[in-house]
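**Q** Take this structure first; my questions come after.
The values are calculated or read from the model by the stated rules, or taken from the named source; none is laboratory data. What you are looking at is a predicted structure, and each value in this text was computed from that prediction instead of being measured. Because the Cβ atoms are built from the backbone with ideal geometry, glycine has one as well, and the counts that use them run over all protein chains shown.
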C-alpha cells in the first residue's frame with residue numbers, strides 16, 4: 001500500500017518501521033511523527049549518518065519500510081548530502097514530504113530545581129547560534145556539542161543538574177527531562193522540509209486530487225556548454241510548468257562538474273508533465289525521476 | 001590596492017588582516033594562506049559564526065581588510081548561510097576565490113609515544129565520517145566534537161595523551177602537536193571553494209587577461225510564475241555566457257519563496273556580460289552583482 005493512498009491519518013492501517021539520521025529525539029523523529037502519526041509508527045531506527053540511512057533502506061531484508069530525511073532548511077538551505085544520495089542510490093523513490101518548525105526548547109535534568117541553578121548550556125553550535133538573543137540575556141557558559149538530541153542524552157546519562165540542553169520538546173520527553181523554556185529561537189520562521197523515501201518498487205498512485213497539489217523531483221545532467229541548462233529547463237517552462245526549486249550540485253567523481261536537482265509542480269503521470277519529461281530526456285545526458293508526491 | 005592587482009604572490013606589498021569562521025587552525029585559515037601567501041598575512045581573526053565574520057567586515061573601523069569564507073564543498077555542497085549573508089550584507093563584494101583540498105591528518109599530543117597508545121579519536125562528525133575506512137582499521141572509540149581544529153585544541157589544552165584528533169596539518173603545527181598519519185580521508189577529491197570578500201568600495205580592476213579567466217557572481221529574484229527563471233537565464237544563454245553554478249535559496253523573510261544565486265564565466269565589465277546584466281536587471285525584481293574575480 002502506498003503512502004499516497006494512506007496519507008490521511010485515519011486511513012492508516014499498517015504500522016511502519018522508519019529510519020532517520022541522528023540520535024533518538026532528533027528533529028527528524030518529530031518529522032516522522034508529523035507525517036505518519038505517532039500511533040502508526042511501529043519503530044524508529046536511528047542511524048549515525050545519512051549514508052547509512054540510504055544504505056539501510058535499500059538493503060535486502062531491511063527492517064525499514066521508509067526513511068525520513070531532511071532536504072532543505074528555510075535558514076540553512078539544501079542538505080547537499082541528501083541530493084547526492086538520491087542521485088547515487090538505486091531504487092529509492094520520494095513518496096511524500098513534510099515540513100516541521102524547528103523550535104528549540106531549553107531542557108534540564110528533572111532534579112534541577114530552578115532555572116537559576118543553570119550554569120552551562122550545551123547544544124549543536126547551529127542551535128546555540130539560533131537562540132542567540134535568548135542566551136545573551138543569561139550568563140551561562142555555552143558549550144558546543146555534536147547534536148541537539150545528543151545534548152539532551154548527555155544530561156540524562158551524566159546526570160548533569162546544572163546544565164541545560166537546547167533541543168526539541170520531543171527530546172525532553174524521551175530522555176525524561178523537564179522543559180524550562182519553549183520556543184527560545186530568535187527566528188520563529190525556521191522550518192525544515194523532510195522527504196519520505198522508500199525502496200519499495202510500487203509507484204504511488206495518483207489519487208483523486210488536483211494535479212497541482214503534487215510536486216515532482218528530478219535529477220539530470222547536461223552537456224557542459226553555454227545554454228544547455230536553459231535549453232533543458234525550457235521543456236518545462238514552455239508547458240507552463242512551475243519550478244519550485246533548482247540546484248546545481250558538483251559531481252562527486254568529477255569535482256566542479258555539475259548535475260541539477262529540480263522540483264516542479266505537477267505529477268509525472270499528468271500528460272503535460274509526461275511530455276515535458278519525455279522531451280527533457282532527449283535534451284539531457286542523464287535523467288532520473290525521483291518521484292511525484294503530495295506537497296506538504 | 002585591489003587583490004586582483006596584487007594576486008601574484010611576489011607582487012604583494014601589504015600585509016593584511018583577514019577574518020574567518022572557526023577556531024585557529026581551521027581549514028579556512030589554510031585557505032587564507034593559500035590565497036594571500038602566509039608572509040602577506042599580518043593577522044588572522046577567528047570568529048565563531050559566519051554571521052559575525054560578515055558583521056565584522058562591514059563594521060566601521062574593522063581591523064579586517066578581507067574575510068575568507070567557504071561557499072561550496074565538492075562533497076557536501078553549497079554553504080547556504082554564506083549565500084544568505086551575501087544577499088543580506090551591504091557593501092560586501094567578492095574579489096577572489098581559492099580552492100583547497102580538505103585533507104585530514106591524524107594528530108596527537110607530543111607526549112604520545114606511539115600510535116599504539118591511542119584509545120580515542122575526536123573530531124567533527126563529518127570528518128570522522130570522511131575517514132571511515134582508515135578508522136575502521138583501528139579499534140578506537142570515536143567521539144564527535146563540534147570542530148576539527150577545536151579537537152586539536154582540546155588535545156593541547158587538556159593534555160590528552162591517549163587521544164588523537166582528525167584535523168588539518170596546520171592545526172597540528174599551530175597547537176604544537178605531532179602528525180601520526182596524513183591524508184587519512186577515504187576520498188582524496190574532497191575540496192572546498194572559498195571566496196575572498198571585502199567591504200572596500202573600490203572595484204577590482206580588470207587586469208590584462210582573457211575575460212574567460214573571470215567568474216562573476218550575482219543574486220536575483222524573479223516573479224513567482226512559470227518560466228520566469230528561464231526567461232531570466234536566457235539573457236545569459238542567448239549571449240553564449242556559460243553558467244557555472246545555479247542555486248535557488250529560500251527567502252528568510254518569506255519561507256519557501258526563492259531567490260537565485262548564479263555564477264557565470266566572464267567579467268561584469270566585458271561588453272557582452274554588461275549587456276546581459278542590463279537586460280537581466282529589467283527581467284528581475286532585484287539584481288545584486290556580487291563581483292567579478294579571477295577563477296581559482
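Quick grid of which residues meet (1) in contact (Cβ under 8 Å) with a residue 24 or more places away in the chain; (2) within 30 Å of residue B:188 (Cβ to Cβ):
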| position | (1), (2) |
| --- | --- |
| A:248 | no, yes |
| A:258 | yes, yes |
| A:278 | no, no |
| A:289 | yes, no |
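**Q** Please list, ordered by residue number, the helices (runs of 4 or more DSSP H) wholly in the range B:120-163 having 2 or more residues that are surrounded by fewer than 19 Cβ atoms within 10 Å (Cβ to Cβ), within 14 Å of another protein chain (Cβ to nearest Cβ) and at pLDDT below 95.
**A** Here the list reads B:125-130, B:132-136.
**Q** I would also like to ask the following. Which members of the range B:220-246 meet the condition of being under 26 Å from the mean Cα position of the chain (by Cα), over 17 Å from residue A:260 (Cβ atoms) and either free of Cβ contacts under 8 Å to residues at least 40 places away in the same chain or surrounded by fewer than 19 Cβ atoms within 10 Å (Cβ to Cβ) (or both)?
**A** Across the range B:220-246, the qualifying residue is only B:241.
**Q** Another question, then. For residue B:67, all conditions in the list (1) farther than 25 Å from residue A:150 by Cβ; (2) more than 19 Å from the chain's Cα centre (by Cα) hold save one; what is the number of the exception?
**A** (2)
For every residue, the table says whether it meets (1) modelled with pLDDT of 95 or more; (2) within 14 Å of chain B (Cβ to nearest Cβ).
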site	(1), (2)
A:44	yes, no
A:47	no, yes
A:57	no, no
A:64	no, no
A:67	yes, no
A:76	no, yes
A:90	no, no
A:113	no, no
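**Q** Out of A:111, A:91, which single residue is over 12 Å from the mean Cα position of the chain (by Cα) and within 28 Å of residue A:262 (Cα to Cα)? Break it down stepwise before answering.
**A** Values: A:111 fails: within 28 Å of residue A:262 (Cα to Cα).
Exactly one residue qualifies, and that residue is A:91.
**Q** When you check residue B:82 against the structure, is it at pLDDT below 90, in contact with a helix residue (DSSP H, G or I) (Cβ under 8 Å, 6 or more places away or on another chain) and within 27 Å of residue A:250 (Cα to Cα), yes or no? Outline the logic, then answer.
**A** Numbers: at pLDDT below 90: no; in contact with a helix residue (DSSP H, G or I) (Cβ under 8 Å, 6 or more places away or on another chain): yes; within 27 Å of residue A:250 (Cα to Cα): yes.
Answer is no for this residue.
**Q** With respect to residue A:52, determine if the residue is in contact with a strand residue (DSSP E or B) (Cβ under 8 Å, 6 or more places away or on another chain) and within 24 Å of residue B:84 (Cβ to Cβ). First the steps, then the outcome.
**A** Values: in contact with a strand residue (DSSP E or B) (Cβ under 8 Å, 6 or more places away or on another chain): yes; within 24 Å of residue B:84 (Cβ to Cβ): no.
Considered against the rule, which asks whether it is in contact with a strand residue (DSSP E or B) (Cβ under 8 Å, 6 or more places away or on another chain) and within 24 Å of residue B:84 (Cβ to Cβ), residue A:52 comes out as no.
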